[in-house]
Every structure is written in structure tokens, then in C-alpha cells.
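Asks: What follows is a single structure, and I will ask about it in a moment.
The numbers here are math on the coordinates, done by the rules we state, and not lab data. Keep in mind the model is a prediction, meaning the values are calculated, not measured. We place every Cβ from the backbone using ideal geometry, glycine too, and count neighbours over all the protein chains shown.
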Amino acid sequence: MEFEKIKDLMQSLDNSSLMDFELKLNDGFYLRMNKYNSQPTQNHTFIQEQPVQKTPEHSHTINNIAENISEPITIIPETKQEVKEGNIISSPIVGTFYSSSSPTKPAYVKVGDKVKEGDVLCIIEAMKVMNEITSQYSGEIVEIMVENEDMVEYNQPLFRIV
């Protein structure tokens with residue numbers, strides 16, 4: 001397939017709501033383009049092309065490409081990622097998350113509680129040491145992202161405070 005036709009296809013994909021486009025022709029030509037990336041505000045198009053020996057009987061135009069597609073095209077709708085407001089408190093260490101100081105005591109915080117900077121939110125046990133995790137922000141706990149006694153990783157989100 002000629003480079004100008006590929007550029008036209010890229011422009012068409014960029015201007016459409018399609019997120020993924022794949023084209024396989026009977027002569028062995030394969031083209032895949034998509035707009036997936038880690039940053040939802042930017043669109044990138046990636047191309048993978050297998051080399052094809054061109055002969056006159058295998059030349060194609062944009063108008064007859066649809067007749068030469070060997071597999072159906074899957075249209076994947078674009079998904080909107082919800083951005084939640086607030087400040088995230090993340091785990092500073094790897095360990096076990098405890099919502100209270102003992103199983104018989106109530107949790108330090110629950111959703112809806114107001115906290116001040118410096119308030120204890122939970123305990124993370126690491127190597128038999130109980131580490132109190134305090135809030136760096138003042139506000140309301142709107143989400144607790146882990147369950148009691150869950151293993152947590154370094155920098156894993158624990159709480160969202162608004």
C-alpha cells in the first residue's frame with residue numbers, strides 16, 4: 001500500500017471516533033492503527049506493516065479496499081475515564097493494612113469522617129512493626145480503597161480526601 005494512502009487512512013482514523021483499525025488484504029498486506037495511550041488528552045496513531053512484494057495485479061485503491069478485507073473490522077468505542085477530585089493518601093511502605101489498632105476497636109476513620117492534617121488514618125504492619133499512617137491533608141474521607149488486613153504495596157492508594 002502506498003504511503004500517501006496510509007497517511008489518508010491515518011487522518012481518517014484521527015478524525016473519527018474509532019479507537020482501533022485493522023486492515024488485512026488478500027495479498028498479505030497488514031495494517032493496524034489505534035489511538036490508545038496512557039494520556040487521555042493526546043491521540044497517537046501506531047502503524048505495524050508487514051512487507052509485501054508489489055505486483056501490478058495486487059495494486060489497490062482506497063475505493064476498493066473494503067472488498068479486499070479478509071477479516072471483519074472490530075470497532076472499539078472510546079471509553080471516558082472519570083477523574084475523581086481530592087487528595088490521595090498512598091502507602092509509604094509494603095505491608096498489611098489495618099483500619100484499627102486492634103480487632104476489637106473501631107476503625108480510625110470511615111467514609112464521611114472529617115480529618116485534620118496529622119490524624120492517624122490506619123496502621124501498616126511491616127516486619128512486625130506497626131506503622132501509623134497519618135493524613136497529610138485536612139478534609140473529608142470520601143473513599144477507602146483497601147479492606148482491613150489487605151496486603152498493600154509501596155505507593156498504593158489507600159484513601160481519597162476532599
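Asks: Check each of the GluC sites (Glu not before Pro) in region 79-162 and keep only those in coil by DSSP with at most 11 other C-beta atoms within 10 angstrom; list them in order.
Replies: Passing both the DSSP loop test and the Cβ count: Glu82, Glu85, Glu117, Glu147, Glu149, Glu153.
Asks: Another question about this same structure. In region 14-36, which residues have a backbone nitrogen under 18 Å from the label point lying 7 Å from Ile88's Cα in the Cα-to-Cβ direction?
Replies: none
Asks: Taking 7 Å along the Cα-to-C-beta vector as the label spot, tell me the Met145-Asp119 distance in nanometres, rounded to one decimal.
Replies: Here the answer is 1.9 nm between the modelled labels.
Asks: Between Met19 and Glu153, what is the label-to-label distance in nm when each label sits 7 Å out along the Cα-to-Cβ direction?
Replies: So the label points at Met19 and Glu153 sit 2.2 nm apart.
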